[in-house]
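Quick notes on the structure that follows.
The numbers here are math on the coordinates, done by the rules we state, and not lab data. Computed from a prediction, not measured in an experiment: that's the story for all the values here. Ideal geometry is used to build each Cβ from the backbone, glycine not excepted, and the neighbour counts take in all protein chains shown.
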Amino acid sequence: MSAASHGGDGGERRDFLVITAGAFVGVGAVGLVWPFVDQMNPSADVLALSSTEVDISGIEPGQSVTISWRGKPVFVRRRTAAEIEAALAVDVDDLPDPESDDARHKEGKAEWLVVLGICTHLGCVPLGYAGDYDGWFCPCHGSHYDTSGRIRKGPAPANLEVPEYAFLTDTQIKIG
Amino acid sequence: MSFQTDNKLIKWFDDRLPLVSVMHHTFVQHPYPRNLNVAYQFGSILGVMLTLQIVTGIVLAMHYTAHTSMAFDSVEHIMRDVNYGWLLRYMHANGASMFFIAVYLHMFRGLYYGSYKAPREMIWMIGVVILLVMMATGFMGYVLPWGQMSFWGATVITNLFSALPVVGDPIVTWLWGGFAVDNPTLNRFFSLHYLLPFVIFGLVFLHLVALHQKGSTNPLGIEIKGPADYISFHPYFTVKDFFGFAAFGVIFAVFVFWFPNYLGHPDNYIPADPLVTPAHIVPEWYFLPFYAILRSVPDKLMGVLAMFAAIGVLFILPWLDRSRVRSAAFRPQYKWFFWIFALDCIVLGYAGSQPAEGNMLIVSRIATIYYFVHFIFLMPVLGWFERPKPLPTSISEAVLAGKASTSAGENA
Amino acid sequence: MMINRSIKVLAGAVLGIGLMTGGALAAGDAKELKSVDWHHSGPFGTYDRAQVQRGFQVYSEVCAACHSLKYIAYRNLMEIGFSEDQAKAIAAEKDIEDGPDAAGDMFTRAGRLSDKIPSPFPNDNAAKASNGGAFPPDLSLIAKARVGGENYLYSLLSGYEEDSHGHECPAGTYSNPYFAGGCLKMPSPIADDLIEYVDGTPATVDQMSKDVSAFLTWAAEPKMEERKAMGFKVIIFLLIMSGLLYAAKRRIWARLH
């Protein structure tokens, strides 16, 4: 027993009213979906923690501190003169990821190196003051970083990332 | 006419997994009575509400933490910090209420039009199971915010099982996972609250399969006799149901956006405190009639049994009702008793919201007794002694003749 | 007619639910609440920024001595009209416990926007001990956690002087006709000119009660304005869509005749 094609034709033409109603339903459906998608974006409390202030007054030259920022480790290293010299002595063109040391610190603040403590290979946290270049060494797959945090040897494709940061005062930096 | 297409891709697919032809069969071929009215729209509305509750629930679960030390805070995190969290929470909480409004209207339709009568007993009984699972789901969901009512409602209701002789106390300890409602209880309620809606989904599928076997009833209560009596689901009931969703949505939106806490209880905005009992412990409104029945009976065990019997009696309704006429449209005496029963349910609900003492307790007891009298005594007796009106010969005859006469003649 | 019966059923259902929920929320034996025409009432109500800021001042200078407001962060103050700098300054006035540091010690530092407002007590037991065994509740949700909401808060705060029909309260409790039972452990927290409003409004008991009640309503429902604004748009949309769908339904069903 089939119920189809009952009640005469004349209803087959797409009429404006039905189309408009359908359009409203479509718009409504899209509007309804957005909150369900957006709720997965960072919530207000997470966004409020998007920057961190660090007091660097206690850090001596030759010392490095690890800060947590946005759930990730950040190395704040106060470099010695020797470390800065070593970083400047490198021929930038020979680097796997060419970048001059000047581009990786704030002007006039060559002492201070701020980099994300995440190996650019597969995300492990490298060990400081280790490896062949006195920078960092990643034990997971053997990547070596220099005193500017640049990749020198090993599988990592890029230098340690320098996050957005700024000196609020000589003893206070804000990351993020 | 069965499903035909020239599209090779659809043919390939449908030949291996007949989704398209099943859809075609259900929505184009299968006969639906042409005279279905508004009361028949709550089934599809329930389908929409189940989907909405599942979707809002899943996204809320991305932000909720089911631990006593964090549950309440996590809900406030959702309300204040999660993007649109307040909207999702209010949709889910008020959605539960709308879900129950729809299910009660859906059930009352069944009671009025005799939808439960042979040969549709299975549809009805599966429906009662769905109601039970809905109640369990709603009960556990209300515990999750871990407010005062969450905690104390859980305590009172789980304590009921201690009324069972011998096995009562071990069962309660087993439910709690400890010596009182506490973290183990909350955690397992979260797990089960997530699970049961999918059980409901499966039961709804069975409910629809059983429905499809026999086809829908209609307001006249007489079976489809010929092609003039029926129409396809699409486009007629598609568009009508969409209208129903929109209208229902307006009421839903009024609650969500303008009165989001009206159906709730202020005490649930107080974090749970096992050492302080609220002045009046009240469940959510949709449990109030059953709560009234529970408290009407002075004996603890009998009260519990009466409460479950209130739902149990629904199971056997197809056999309690001895009438040979299906729809109340042709049963003038039953019609009166139907409305009195509906009023009785409202009275029970009100009684459930008040302290069980004094005059209110007397009212509760009378209403409880009447509830059971309606099913156990009136339904069979009416069937034997009523004088039904003569049935029309067919649906189409009634529809064409009765833009005026019968109350079921209009399909708008 | 079908529609008539359906409307009857729906009306009955709504009435039924209204009765049940209204009944469930019925207050105890306290005096009937005073009612205020709040700026935020109604479907288009918004928070009066000036009033809510005054209410925050009352909270900070009076209530915060005993009551925490743990779900409000200093950054939330920007929603009631404080600029980012003002909110930062308010935060910096408070010492927040942080740590442990590298040596394992806890330390204090100035508050930041991301911090929640700290509690006056280190834990609940300390709060109870300082207040005669009664725990001063956190106020973040108090406007939603009491029947009558902000009307209750306003009535309670401004109602201490009112005649409680010779009700004698046991020592350590204070008489207030709006509190269920008539006696509560909190003495009247405000008095005329107890604080000096930054915006110069005279700080009467009535004014402070209203202002802090409005502030606490915001604290409990910071998303209220967004909710009502969205509600208006959604409901209008749904009403139009319902109308269109009803017309479409009639059009399609007309094919049957």
Burial ranking of peptide ranges B:29-35, B:139-145 (average Cβ count within 10 Å, highest at the top): B:139-145, B:29-35
Computed FRET value (nearest 0.05) for B:Asp73 with B:Met135, which takes r as the C-beta separation and R₀ as 30 Å: 0.60
Centre separation in Å (Cα based) which lies between region C:139-156 and region B:270-326: 32
Projected-area mean, the protein assembly as shown, by convex hull of Cα positions, square nanometres: 47.3
Dimensions (Å) - region B:34-283, Cα atoms, principal axes, largest first: 66, 49, 30
Over chain A, relative contact order from alpha-carbon pairs under 8 Å, at least 6 apart, %: 18
Farthest toward positive dipole pole in region C:140-257 [+1 Lys/Arg, -1 Asp/Glu at C-beta], among C:Pro187, C:Ala247, C:Leu216: C:Ala247
Helix-derived mean residue ellipticity, 222 nm - over chain B, DSSP H n ≥ 4, -39500 (n - 2.57), to 500: -19500 deg cm²/dmol
Order of C:Tyr154, A:Tyr133 - criterion: other Cβ atoms within 10 Å of each residue's Cβ, fewest first: A:Tyr133, C:Tyr154
Charge-dipole axis of region B:284-357 as Lys and Arg at +1 and Asp and Glu at -1 on Cβ define it, positive-most pick from B:Ser327, B:Met302, B:Leu348: B:Ser327
Degrees separating the helix B:300-315 axis from the principal Cα axis of chain B, which is the longest one: 20
Kyte-Doolittle at least 1.6, axis length at least 24 Å by Cα - qualifying DSSP helices, chain C: none
Sorted by Cβ density within 10 Å, fewest first, the residues B:Ser191, A:Ser64: B:Ser191, A:Ser64
Sorted by Cβ density within 10 Å, fewest first, the residues B:Lys8, C:Lys233: B:Lys8, C:Lys233
Chain C: calculated mean residue ellipticity at 222 nm from DSSP helix runs of at least 4, using -39500 (n - 2.57): -13500 deg cm²/dmol
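At a threshold of 8 angstrom on Cα-Cα distance, excluding pairs fewer than six apart, so keeping six or more, what relative contact order does chain B reach in percent?
Once normalised by length, the contact order is 23 percent.
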Dipole-positive endmost among C:Phe82, A:Gly28, C:Tyr178 within the protein assembly as shown (Cβ charges, Cα centre): A:Gly28
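Over 18 Å apart: what share of the alpha carbon pairs of region B:356-405 falls there, rounded to a whole percent? Could you put the intermediate results ahead of the total?
Details: 746 of 1225 pairs.
Of all Cα-Cα distances in region B:356-405, 61 percent exceed 18 Å.
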Stokes-Einstein D in µm²/s, Kirkwood radius over Cα pairs - region B:232-322 at 25 °C with 0.890 mPa s viscosity: 139
Spatial separation of Cα centroids for region C:212-257 and region B:137-173, in angstrom: 37
Most mobile of C:Leu194, C:Leu245, C:Leu113 in a GNM of chain C (Cα contacts under 10 Å): C:Leu245
Acute angle (nearest 10 degrees) that the helix B:332-353 long axis makes with the longest principal axis of chain B, alpha-carbon atoms: 20
C-alpha long axis of helix B:358-373 to longest principal axis of chain B, angle in °: 40
Given charges at beta-carbon only (K, R positive; D, E negative), |dipole| of region B:34-283 in Debye: 840
Separation in nanometres of the label points that stand 7 Å from Cα toward Cβ, at C:Asp124 and B:Ile251: 4.0
Per-q log10 I(q)/I(0), region C:138-205, q = 0.16, 0.26 Å⁻¹ (Debye; single scatterer per alpha-carbon; no solvent): -0.65, -1.18
Those Cys residues of the protein assembly as shown for which no other cysteine Cβ falls under 4.7 Å: B:Cys345, C:Cys63, C:Cys66
Lysine pairs within chain B, Cα separation less than 19 Å, 8 or more sequence positions apart or different chains: 7
Equivalent ellipsoid, region B:1-92 (semi-axes from 5 times Cα gyration tensor eigenvalues, Å): 42, 20, 10
Approximate shape of region C:99-257 as ellipsoid semi-axes (Cα gyration tensor, √5λ), whole Å, largest first: 46, 28, 17
